[in-house]
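In what follows, a single structure is set out as structure tokens and then discussed.
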Amino acid sequence: MPELELPAPLPARLPAPLLRFGAAELAWCRRCNALSGRHFVERGFALVSRLGDGVFWYGLMLLLLAVDGLAGVGGVTRMLAAGGLGLVLYKGLKRSTRRLRPCARSTAIRVTVAPLDEYSFPSGHTLHAVAFTITACAQHPGLVWALAPFALLVAASRLVLGLHYPSDVLAGALLGALCASLALLLP
């Protein structure tokens with residue numbers, strides 16, 4: 001069966017470079033998603049994605065409070081502030097951009113994990129993974145060896161699972177870094 005590629009909901013007349021960029025990005029999505037053809041890869045990234053829904057981060061916050069006691073409240077408060085700001089930005093951008101997910105544009109992209117919402121821009125999983133990683137590592141620099149690889153896996157999971165474009169993931173990472181930077185300014 002030939003692949004069906006649906007047009008993106010974009011203005012009718014886009015400059016040629018933007019059209020080429022969109023086509024190249026969709027091709028990258030197909031390449032990344034092809035990795036999920038191996039069952040263990042798909043299941044592994046599905047697990048990472050599920051943990052990135054919040055389970056891992058909330059567990060980390062509880063662990064930091066348990067280890068640090070009252071001294072950990074400031075760091076966890078910054079994590080929550082970064083996450084809250086990220087949620088506001090994420091929801092506002094999703095509502096205003098309404099970019100369809102790659103799996104909605106190409107039948108060649110196989111999805112085995114249900115998306116949390118309809119639109120792709122930006123990647124909320126990546127945004128929160130970066131924001132939480134930066135804020136947690138500011139309090140506990142030794143955690144970078146565990147948290148940075150996990151955040152990278154969360155970002156990669158969004159591509160491999162066919163749920164986001166590379167630019168969604170990049171935008172999520174940049175927004176997450178911004179949210180963390182602002183949260184770290186808190187007393």
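The values are calculated or read from the model by the stated rules, or taken from the named source; none is laboratory data. Because the structure is a prediction, the values reported are computed rather than measured. With ideal geometry, Cβ positions are generated from the backbone for all residues, glycine too; neighbour counts draw on all protein chains shown.
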- Message: Which numbered condition in (1) modelled with pLDDT of 95 or more; (2) outside any helix (DSSP H, G or I); (3) aliphatic (A, V, I, L, M) is the only one that Leu163 fails?
- Response: (1)
- Quick one: count up the residues across segment 97-142 that are exposed (fewer than 15 other Cβ atoms within 10 Å of the Cβ) and either within 17 Å of Asp53 (Cβ to Cβ) or among the aliphatic types (A, V, I, L, M) (or both). 5
- Please go through segment 147-160 and pick out each residue that is at pLDDT below 95 and hydrophobic (A, V, I, L, M, F, W, C). Ala156, Leu159, Val160
- Would you point out which residue out of Gly59, Gly86 is touching a residue at least 24 places away in the same chain (Cβ under 8 Å) and at negative phi? Gly86
- Note on the structure: Restricted to segment 36-53 and to residues being touching a residue at least 24 places away in the same chain (Cβ under 8 Å) and more than 11 Å from Val154 (Cα to Cα), the residue surrounded by the fewest Cβ atoms within 10 Å (Cβ to Cβ) is Gly37
- Task: Could you grab me the full set of residues in segment 92-122 that are under 15 Å from the mean Cα position of the chain (by Cα) and among the charged types (D, E, K, R)?
- Result: Lys94, Arg99, Arg101, Asp117, Glu118
